[in-house]
């Protein structure tokens, strides 16, 4: 399978999944040993909005639609399992969900999950680098 890249960066689509109480779903990624929002790599020929919807369903079991583009973040991230580093460009989206939806994590993608406020997410020390970069680029962001 061919992976989308941009000047040496893997292109990844991730989403802030927001409940009506404004809390956001984060997952702990065993491969990177960091907290992140759900998402993943685009497949060849796939629209980025379709990547967001597919990856969220694969990683969490949630069915979402109509992702809204928010911005991007970049990082250099160690791949713990593969003992190497990767350069990533992550496109961030916002999607909404209901309170009563059950999260079914893919154990290969996430060990656990939390619902947090945007402020709590911004303050997390062990979040992925691209999220930190995204918040630096988008100071004052609220949704």
What about residue 50, is it closer than 15 Å to residue 11 by Cα and surrounded by fewer than 17 Cβ atoms within 10 Å (Cβ to Cβ)? yes
Say whether the condition of being out of contact with any helix residue (DSSP H, G or I) (no Cβ under 6 Å at 6 or more places or on another chain), within 13 Å of residue 14 (Cα to Cα) and part of a helix (DSSP H, G or I) is met by at least one residue in region 69-84. no
In region 66-92, what residues are loosely packed, with under 15 Cβ neighbours inside 10 Å, modelled with pLDDT of 70 or more and under 15 Å from residue 127 (Cα atoms)? 76
Filtering region 109-124 down to residues that are under 15 Å from the mean Cα position of the chain (by Cα) and assigned to a loop (DSSP other than H, G, I, E, B), which residue is modelled with the highest pLDDT? 124
Every listed condition ((1) exposed (fewer than 15 other Cβ atoms within 10 Å of the Cβ); (2) under 13 Å from residue 16 (Cβ atoms); (3) touching a residue at least 24 places away in the same chain (Cβ under 8 Å); (4) in contact with a strand residue (DSSP E or B) (Cβ under 9 Å, 6 or more places away or on another chain)) holds for residue 142 save (4)
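The values are calculated or read from the model by the stated rules, or taken from the named source; none is laboratory data. Bear in mind that the values here come from a model prediction, so they are computed numbers and not experimental data. Positions of Cβ are backbone-derived with ideal geometry, glycine not excepted, and every protein chain shown enters the neighbour counts.
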